[in-house]
1. Quick one: in the range 44-76, of everything that is outside any strand (DSSP E or B) and of a type in the set (Ser, Thr, Tyr), which residue is surrounded by the most Cβ atoms within 10 Å (Cβ to Cβ)?
2. Could you check the range 28-43 and list, in sequence order, the residues that are part of a strand (DSSP E or B) and either loosely packed, with under 12 Cβ neighbours inside 10 Å or touching a Leu at 6+ places or on another chain (Cβ under 8 Å) (or both)?
3. Just give me the residues in the range 77-106 being exposed (fewer than 15 other Cβ atoms within 10 Å of the Cβ) and assigned to a loop (DSSP other than H, G, I, E, B), in sequence order.
4. Would you mind finding the one in ARG15, ARG53, ARG85, ARG59 that is at pLDDT 95 or above and either touching a helix residue (DSSP H, G or I) at 6+ places or on another chain (Cβ under 9 Å) or under 18 Å from GLY121 (Cα atoms) (or both)?
Amino acid sequence: MNLPTDELRTRLHDRYFVPAENLQGLSSIDTVFHYQLQDDAIVGTYAGGRVARGNLIGRATGPDTIELLYHCITTDGELLAGWSRGRVGAGADGRTTLEFMWGWLAGAQGDGESRYVEVAGNG
């Protein structure tokens with residue numbers, strides 16, 4: 001098992017993110033994700049836009065890569081679950097970026113790619 005590196009921990013722990021690009025996904029610019037690291041696990045919550053409430057759990061798979069499982073209930077009462085694999089990086093402005101490939105496991109079909117950016121003034 002890969003343990004989160006100090007940089008990964010710094011870039012994710014207690015940080016907030018919003019989608020920068022998620023053309024095929026459920027989340028929108030109104031969806032805010034809050035990531036935390038608890039021991040060796042990446043955990044988080046998200047809500048906003050069509051997402052009434054969601055949770056995620058994951059792990060580090062390399063020095064700058066992670067994988068997540070997530071589930072949510074939408075504002076229409078749909079239960080959805082999916083997976084993602086991604087890379088944690090930094091934008092030109094120094095804010096943390098997340099780039100994911102993802103797919104649905106239950107409640108919806110399809111897959112896609114998405115990008116997220118840390119909320120300015122975070123941490």
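The values are calculated or read from the model by the stated rules, or taken from the named source; none is laboratory data. What you see is a predicted model, and the numbers here were worked out from it, not measured in a lab. Here the Cβ is made from the backbone with ideal geometry for all residues, glycine too, and neighbour counts use every protein chain on show.
1. THR61
2. PHE33, TYR35, GLN36, LEU37, GLN38, ILE42, VAL43
3. Matches in the range 77-106: GLY77, GLU78, GLY91, ALA92, ASP93, GLY94.
4. ARG15
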